[in-house]
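Taking it in order: structure first as structure tokens, then the write-up.
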Amino acid sequence: MQEQPCPTRPTMTSVHAPEFQNLPAVDLQRRYVRLLERRGDGLVSFEFSIGWPELAVELMLPSAAFDEFCAHNHVIWRED
């Protein structure tokens, strides 16, 4: 039996790869932190990124763990 294409899934006729030569240089040793909030319950909310400061994840840690995290990663503080 021959498999029929799914009617709801678009078919790709060609793939266009991004132009990688235009990407900015990156240093994966650079770790960035932007403090968002020190909460009353002792948690610290912050953004963390590696290499590209504009590409970040939001994390929460207890205050002591946050301080240890920043020291361990030798973070660069972002103020923006």
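Return the pair list, or none, for Cβ contacts closer than 9 Å from residues in the stretch 51-65 that are farther than 16 Å from I76 by Cα to residues that are of a type outside the set (F, W, Y) and part of a loop (DSSP other than H, G, I, E, B), at least 6 apart or on different chains. Pairs found: M60/R39; P62/G42; S63/G42; A64/G42. Assess whether A56 counts as being at pLDDT 95 or above and among the small types (G, A, S). Yes; evaluated as a whole, the condition is true for this residue. For the stretch 28-43, the set of residues classified as more than 15 Å from R78 (Cα to Cα) and aliphatic (A, V, I, L, M) consists of L28, L43, listed by residue number. Tell me, yes or no, whether the stretch 60-74 has at least one residue that is part of a loop (DSSP other than H, G, I, E, B) and at pLDDT 95 or above. Within the stretch 60-74 (the criterion being part of a loop (DSSP other than H, G, I, E, B) and at pLDDT 95 or above), the answer is yes, since at least one residue qualifies.
The listed residues are E54, E47, E37, and the only one of them that is of a type outside the set (A, V, I, L, M, F, W, C), exposed (fewer than 12 other Cβ atoms within 10 Å of the Cβ) and not in a loop (DSSP other than H, G, I, E, B) turns out to be E37.
The values are calculated or read from the model by the stated rules, or taken from the named source; none is laboratory data. A quick note: this is a predicted structure, and the numbers were derived from the prediction, not measured. For neighbour counting, all protein chains shown are included, and Cβ atoms are generated from backbone atoms with ideal geometry for every residue, glycine included.
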